[in-house]
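Let me begin by presenting the structure, written as structure tokens, before commenting on it.
The values are calculated or read from the model by the stated rules, or taken from the named source; none is laboratory data. Note that the coordinates shown come from a computational prediction; the quantities given were computed from them, not determined experimentally. Cβ sites come from the backbone with ideal geometry, for glycine too, and all protein chains shown count toward neighbours. Heads up: the accessible areas ignore ligands, DNA and RNA and are worked out on the full protein's heavy atoms, side chains in. Shrake-Rupley method; radii C 1.70, N 1.55, O 1.52, S 1.80 Å.
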Amino acid sequence: MQLSDPSLDRKIYADRRARLARAMECGVAVIPTAPERIRNRDTHFPYRFDSHFYHLTGFTEPEAALVIVAGEAPRALLFCRERNAERETWDGFRYGPEAAREHFGFDEAHPIGTLDEQVAQLLENQPALYYPVGADPEWDARAMRWLNVVRTKARTGVSAPERVHDVRALLDEMRLVKDARELALMRRAASISAAAHRRAMRSTRPGQFEYQVEAELLYEFRRSGAQFPAYWPIVAAGANACVLHYVSNDAQLREGDLLLIDAGCELGGYASDITRTFPVGGRFSGAQRDAYELVLAAQAAALNSIGPGRAWNEPHEAAVKVLAQGMLDLKLLAGSLEEVLEQETYKRFYMHRTGHWLGLDVHDAGEYKRNGHWRPLQAGMTLTVEPGLYIRAADDVPERLRNIGVRIEDDVVVTATGCEVLTGEAPKQIGDIEALMRDGRRKP
């Protein structure tokens, strides 16, 4: 399946907008894209659109908003920048309303400068306004202004919406189950990221710095067509691997240390998220092997707990049980397995959850519990599976295990019979990792 087919894309985005209109039943929704952010003076951070907006439009320009009017005759209106020859000379091509309407399949398109006036008119005699409530103070203020404009017409018989809803509640549900196009993009993103991890394993040497390995990852992402890293890479050697969100990436790699890399690219808006841990010198020590095999077994237990109808929390519970028993076996904890699980003493060495939703965002849209119960998994949901073990140095920790940090993370999609691992091209068996690193040392 091609990753981009304009006519197919138009239909996919139009279908999503129609689905949102049906979920609303009536009313008007306003979904803005993300603003540009200034980095310093007159330079901006690389622009990245709002994920909800993009999910419904495929439109990547800033200064845009989507308006959906639900009801018996639903309509989708795009508001975007007008063509401007001078600004296009400096900043590049703009579609403009008319070309955007035709190319992306909207019912109408208008200049972004007319948004406030037109939304206030569209809200007349509508029962509800949907927008991302509380996401941005400026949009909250604009929404109140729209409502107040409509309220001033009460004496003429015009009514204002009585209800305001957070449109993200509907969109989160829509984004949870991925369609074939989304999965194709995520498979490609996963493949690129796996290649980057293989490159890192082949190129890593004692004496290098973490940022040099980071550079190999970013190079592989971009050379393969990924637009951005999905998040800033974690390249953490030795004790740094026990810092969950370590991003300094400036320490020197030492013989005998493990290197934990958590890195994934973003392709066509869709994220990948892989973590691999491997020895800087190319061979696991005995203690490193023990810790690594424990995390690998925990991940296998979690993967075996994924399938349609299984509760979201089952993979986490499966991983925790394996990890807790392993902590006892490694003399990191004392007591019985039941005591460790009940008292949650395992959290000293494993303090995070075993996964999260994955999609347009690295931590993607969607609730994990509904009505107090863990959500059942469905085919087409995509998530990460990432158990870890983080053994900080302490007097009561066996010396051979001190400052060992291990995490193994894969991206999976729930299938009709279980799950498909999207990131399997990144080696994680000890023999495969060591063989790849040996091969890298043979080649210049």
- Among (1) 24.1, 74; (2) 25.0, 83; (3) 21.1, 64, the entry that matches Rg and Dmax of the Cα atoms in Å as calculated here: (2)
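Quick one: net charge around Gly431, please, counting Lys, Arg +1 and Asp, Glu -1 for every other residue with C-beta under 13 Å from its C-beta.
0
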- Note on the structure: Diffing the range 187-193: the Karplus 3J(HN,Hα) column from phi (6.51, -1.76, 1.60, θ = phi - 60°), in whole Hz with x for Gly and Pro, holds 5, 5, 4, 5, 5, 4, 5
- Query: Between Glu293 and His245, what length comes free when the chain is fully extended (0.36 nm per residue of separation minus the Cα-Cα distance, one decimal in nm)?
  - Reply: 15.0 nm
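What is the extension gain from Met144 to Arg22, computed as 0.36 nm multiplied by their sequence separation minus the C-alpha to C-alpha distance, in nm to one decimal?
Once the chain is fully extended between Met144 and Arg22, it gains 41.4 nm.
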- Task: Compute the FRET efficiency between Thr89 and Glu162 as 1/(1 + (r/R0)^6), taking r as their Cβ-Cβ distance and R0 = 51 Å, and round to the nearest 0.05.
- Result: 0.60
- Task: Please give the contour-minus-distance gain from Asp432 to Ala180: 0.36 nm per residue of separation, less the Cα-Cα distance, rounded to one decimal in nm.
- Result: 87.6 nm
- Message: Give me a comma-separated list of calculated 3J(HN,Hα) values for the range 297-302, in order, Karplus coefficients 6.51, -1.76, 1.60 applied at θ = phi - 60°, integers in Hz, x for any Gly or Pro.
- Response: 5, 5, 5, 4, 5, 5
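In percent, what relative contact order does the range 101-208 have, based on Cα pairs under 8 Å that are 6 or more apart in sequence?
Values: 69 pairs, mean separation 27.3, N = 108.
Relative contact order comes out at 25 percent.
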- Message: How many angstrom lie between the Cα centre of the range 125-167 and the Cα centre of the range 358-414?
- Response: 40 Å
- Percent relative contact order for the range 167-303, counting Cα pairs under 8 Å at least six residues apart, stands at 25 percent
- Message: For the chain, take the longest principal axis of its alpha carbons; what is the angle in degrees between that and the long axis of helix 430-442, to the nearest 10 within 0 to 90?
- Response: 90 degrees
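Would you mind working out the accessible area per residue for the range 70-149, using a 1.4 Å probe, and quoting it in Å²?
On the way: 4330 Å² over 80 residues.
Using a 1.4 Å probe on heavy atoms only, each residue of the range 70-149 averages 54 Å².
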- Output ³J(HN,Hα) for the range 50-56: one whole-Hz value per residue in order, computed from phi by the Karplus curve 6.51 cos²θ - 1.76 cosθ + 1.60 with θ = phi - 60°, and x for Gly and Pro. 6, 5, 4, 4, 5, 4, 9
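How large is the accessible surface per residue of the range 233-357, computed with a 1.4 Å probe and reported in Å² as a whole number? Before the final figure, lay out the partial values.
Details: 4590 Å² over 125 residues.
With the other protein chains kept in place, the range 233-357 gives 37 Å² per residue.
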- Note on the structure: With label points set 7 Å from each Cα along the Cα-to-Cβ direction at Arg155 and Leu341, the distance between them in nm comes to 7.0 nm
- Label-to-label distance, nm, for residues given as Lys11 and Tyr47 (7 Å Cα→Cβ offset): 3.0 nm
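Determine the share of the range 197-308's accessible area contributed by carbon and sulfur atoms, expressed in whole percent, with a 1.4 angstrom probe.
Numbers: 1950 of 3970 Å².
Summing carbon and sulfur atoms, their accessible area is 49 percent of the total for the range 197-308.
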- Item | Computed helical MRE - 222 nm, the chain, DSSP H runs ≥ 4 contributing -39500 (n - 2.57), nearest 500 | -12000 deg cm²/dmol
- In degrees between 0 and 90, to the nearest 10, how far off the longest principal axis of the chain does helix 314-329 point, with axes built from Cα atoms? 20 degrees
- Message: For a 31 Å ceiling on Cα separation, which of these pairs sit above it: Lys178/Lys443; Lys331/Lys369; Lys331/Lys443; Lys321/Lys443; Lys178/Lys428?
- Response: Lys178/Lys443; Lys331/Lys369; Lys331/Lys443; Lys321/Lys443
- Message: Taking R0 as 51 Å, what FRET efficiency do you get between Gln118 and Arg402 from their Cβ-Cβ distance, rounded to the nearest 0.05?
- Response: 0.20
